[in-house]
Each structure stands twice: as C-alpha cells, then as structure tokens.
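Working notes, structure below.
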Amino acid sequence: MACPHQCPEAHQTAGVTPAAPWRIKALSVLPDYRLAITFMDDTKGIADFSAVLIAKECGIFEALKDKACFNQARLDLGVVTWPNGADMDPAWMYEQVRVNKLWSPICGSKHI
C-alpha cells in the first residue's frame, strides 16, 4: 500500500486540486527532522526543520520537537500540516527551495 503522504490527493477536500506552483504535491519524512518535498511544478528539495529542536518557545511548533509528532507530517490542500494544527506556508518554502534546493526556518527573514 502506498504511503498517503506520497500522493497529491492525500488529505484533500474531495474534488479540490491545488494548482498553484508553490503548493506541495508530495512529501516524505526523512531522518533528522527533514522532509523531502515536491511542489506542483516539480520543483524538489529538502525542508529542514531541525532548528525547531533548539528554538525556545516556538509556539505551536513546540510539539514538533517530539519526533513521533514531527513524523506525522501530511499534506492538506498542498500545505504541510501536523495533527496538532501546526502548518507551514508553502509559498515561503517554495521561494527558498527553488533557489537553494533547501528550506530552513532560519534561511529567510521569518523564523519559527
């Protein structure tokens, strides 16, 4: 059985297909708090969330320090989400991945 994180239809509202190039169509959880992500235009890269481990008071992302929680990353309408309600702006991730093939919350001006 294929992992539901691998298919664009996973966790999507019936009949709704995200089409913007910066929406994510596939993700795989990797070791060390990283995700392999593929956007709708086939741009691919790594989202590195390891900074969450050293962040102090990171709000809703605090729960992601628990590897079991982090590993529950899934797609919802082209957005990486977690069961605790945390999500990540795919447009912000896309900007960095398109240029560097890597996204980290410390790469840009925003921080977790």
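The values are calculated or read from the model by the stated rules, or taken from the named source; none is laboratory data. The structure displayed is predicted, hence computed values, not measured ones. Virtual Cβ from ideal backbone geometry, glycine too; neighbours counted across all protein chains shown.
Quick notes on this one:
- In region 17-36, of all residues being more than 14 Å from residue 71 (Cα to Cα) and surrounded by 17 or more Cβ atoms within 10 Å (Cβ to Cβ), the one that is modelled with the lowest pLDDT corresponds to 18.
- Criterion violated by residue 70 - all others in (1) modelled with pLDDT of 95 or more; (2) surrounded by fewer than 19 Cβ atoms within 10 Å (Cβ to Cβ); (3) of a type outside the set (D, E, K, R) satisfied: (2)
- When residues of region 76-99 are limited to those that are closer than 24 Å to residue 66 by Cα and in a helix (DSSP H, G or I), the one modelled with the lowest pLDDT: 92
- Per-region count, region 44-75, residues touching a His at 6+ places or on another chain (Cβ under 9 Å) and not in a loop (DSSP other than H, G, I, E, B): 3
- Residues of region 49-63 that turn out to be touching a residue at least 24 places away in the same chain (Cβ under 8 Å) and of a type in the set (Lys, Arg), as a count: 0
- The single condition among (1) in a strand (DSSP E or B); (2) out of contact with any Ser or Thr (no Cβ under 7 Å at 6 or more places or on another chain) that residue 41 does not satisfy is (1).
- The set of residues in region 75-101 being under 19 Å from residue 32 (Cβ atoms) and either free of Cβ contacts under 8 Å to residues at least 40 places away in the same chain or surrounded by 14 or more Cβ atoms within 10 Å (Cβ to Cβ) (or both) consists of 80, 82, 86, 88, 93, 96, 97.
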